[in-house]
Every structure is written in structure tokens, then in C-alpha cells.
Amino acid sequence: MALTTACGSGDGGYAAPVANGKAQSGSGSSADYGSGNGYGADSGTDKGQAGGDGYGSSGDSSRPAAMGAPAETLALRQSPELGPVVTDSKGMALYRFDKDTAKPPNSACSGACATTWPPVPADDATAASGMAASALGSVTRADGTKQLTIAGWPAYRYAKDTAPGDTKGHGVGGTWNAFAPDGKKAAAGPAADVSVFDQPKLGKLLVDKAGRTVYRFTKDSAWPMRFACNGACLDTWKPVGPADKSKLEGVPAKLISTVTRPDGTRQLAVDCWPVYTFSGDKQPGDVNGQGKKGTWFAVSPEGKKITSPATG
């Protein structure tokens with residue numbers, strides 16, 4: 001049975017289901033950090049201040065085991081405050097320092113600074129699926145060790161981050177920021193209900209508030225509206241919940257609507273197409289659902305299905 005009212009009219013309508021690169025090397029230095037030194041190694045309790053050995057205690061016992069360890073395969077973790085941030089394989093956030101340089105790469109954090117902000121070794125680092133592999137490189141520090149760089153910026157962990165998902169170092173001294181996937185500073189502010197992510201393989205695509213890629217199903221229909229993903233299909237493809245139109249980023253509000261599924265639940269629609277997330281996507285930037293069975297496709301900021309790799 002087809003929908004008889006326009007997509008997005010009111011709360012939506014019922015529709016019956018139908019059949020189913022390497023960076024240049026530089027050298028480290030102990031630069032002037034200005035008032036308060038900028039890296040949080042002096043004593044005190046305010047944000048940006050770390051006392052004792054720089055790990056918040058008088059000994060090394062509280063130093064997180066991941067500090068100074070190889071990053072291995074990087075990951076993206078969705079922060080409610082910052083959006084997607086880059087982490088190491090154990091989920092510890094990676095940071096960049098405003099007093100460093102990216103062109104050419106150079107670290108200005110050494111001595112006590114490097115105790116509070118341990119440099120991330122370049123060994124064995126691999127880009128997350130939502131990052132361009134060419135963004136990773138290395139810089140040679142003053143002591144001869146190689147430090148990981150992301151888009152040219154040297155990468156560090158923060159000593160006061162003790163659990164995966166911590167981003168206590170963001171904003172410290174006004175000079176330290178968690179990495180966004182493109183190597184820029186992670187953006188402050190709550191995550192949007194629907195926003196745009198620049199995925200290295202597919203280009204700009206829409207993601208939900210958890211940073212997950214949203215897909216549309218070619219066996220659904222936008223008009224007349226039909227839902228072809230039902231029953232066991234919903235174990236793999238999860239309907240995206242409604243979005244607040246005041247909490248959109250990079251997508252026109254006119255494309256966003258809410259539709260009601262046959263079971264009475266409400267689902268986000270983009271350009272009248274119901275959208276879903278894929279259970280096989282584990283982190284922001286994953287697009288493991290793209291092209292599945294030739295019927296599932298990521299959605300562009302214009303509301304169109306993405307069928308071709310990014311160009312340029």
C-alpha cells in the first residue's frame with residue numbers, strides 16, 4: 001500500500017512493506033611556550049596543569065601502559081563534544097600542538113613537555129578506514145627518534161588521559177587539540193544529528209550523530225513510499241532515528257524528514273528515502289555497507305546515493 005501524503009508532511013506517514021605519503025623530517029626543539037608554558041607541565045589543578053611527574057602522581061605506577069607505545073592501527077572515536085577524533089589502537093586520543101609546525105613537520109615539545117605529552121612513535125602506524133593513508137608520515141625528533149605525524153602535525157598522547165575515550169587534553173593551554181580525521185583540530189561543540197563526513201574513498205557523505213555512515217536501500221521507494229527492509233533485514237540494517245532540524249551540519253534542512261514505519265516506529269528520511277546504518281560499520285568513517293548486494297549505498301549531502309569513488 002503506497003503512502004498517500006507527501007514525504008515530510010507532518011510526522012510522516014504509514015507505508016506497507018513490499019517484498020523483500022610520507023611527511024618531511026624535521027627536528028625537535030625546546031621552544032618558548034609563553035605564560036604557563038602552554039603544555040601543562042607546571043604545578044596546579046586547573047585544566048592544562050599537571051603536577052608531579054606529569055602523570056598526576058609522584059611515581060610511574062599511574063602512567064598508562066599505552067603511553068609511548070606504537071599507535072598501530074589508528075581508529076576514529078565519536079566524541080559527544082568534539083565529533084570524530086583520532087585515537088591509537090587502544091582508543092587513546094591523539095593530539096596536536098599549535099607551537100609545532102606541519103610544513104615542514106617540526107616538534108616544539110621536548111623535555112618536561114614530552115613527559116606530559118608523550119610523542120607517538122611512527123613505527124607500525126596505519127591509518128583508520130576514515131582517514132587517508134597519505135595523511136600519515138613521520139618527523140625525526142632531536143633525540144633521533146621518529147614521531148608519527150598526521151597531515152604533517154606531530155602526534156602526541158596526553159598523560160592525564162587514562163581510559164579509552166578520554167579527551168582531557170583538548171584545549172589545554174589553549175594550544176593542544178585532539179586530531180580530527182583530516183589532521184585539523186577536532187571541532188568543539190555537540191555533535192549534530194546529521195552531518196557531513198569526508199570519507200577518503202567515497203568523498204563527502206552523511207553520518208548520524210554517532211558518526212556512523214547512513215545508507216539508503218534501492219528496494220525501498222521514496223514515492224510512493226515503501227519499506228523493503230523488514231524482519232531479518234533489520235538485524236543488519238538499523239533504521240536511523242529522527243533528527244532535530246536545528247541540529248544539522250552541512251545538509252539542507254529541506255532534505256530531512258521523518259517517516260513512520262509499518263511497526264509504528266519513526267525513521268529519518270533524506271530526500272524522502274528512509275536511511276539506515278550498517279551493523280558491520282564499527283567506527284566513524286567505516287563504509288563496509290557500501291554496495292552490499294548492489295542495493296545499499298551511502299548518501300551524499302545532496303541526498304543522492306553515492307555509487308562512485310571520490311575523485312581528485
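The values are calculated or read from the model by the stated rules, or taken from the named source; none is laboratory data. Note that the coordinates shown come from a computational prediction; the quantities given were computed from them, not determined experimentally. Note: ideal-geometry Cβ built from the backbone for every residue, glycine included; neighbour counts use all protein chains shown. All accessible areas refer to the heavy atoms of the entire protein, side chains included, with ligands and DNA or RNA removed. Shrake-Rupley method; radii C 1.70, N 1.55, O 1.52, S 1.80 Å.
Here are some notes:
- The lysines within cross-link reach of Lys254, meaning a Cα-to-Cα straight distance under 26 Å and a gap of 8 or more places when in the same chain, are Lys204, Lys209, Lys219, Lys238, Lys245, Lys304, Lys305.
- 3J(HN,Hα) along segment 265-279, derived from phi through the Karplus expression 6.51 cos²θ - 1.76 cosθ + 1.60 where θ = phi - 60°, amounts to 6, 9, 9, 5, 10, 10, 6, 6, 8, x, 10, 9, 10, 9, 5 Hz, with x in place of Gly and Pro.
- Length gained on full extension, Arg266 to Glu249: 4.0 nm, using 0.36 nm per residue less the C-alpha separation.
- Carbon/sulfur fraction of accessible area - segment 160-276, other protein chains in place, 1.4 Å, %: 52 percent
- Spin-label model, Glu81 to Ala210: label points 7 Å out along the Cα-to-beta-carbon direction sit 2.2 nm apart.
- Per-pair calculated FRET efficiency, R0 = 30 Å: Ala142 and Glu72 via Cβ, rounded to 0.05: 0.75
- Using 0.36 nm per residue and subtracting the Cα-Cα separation, the extra length available between Lys201 and Ala188 on full extension is 2.1 nm.
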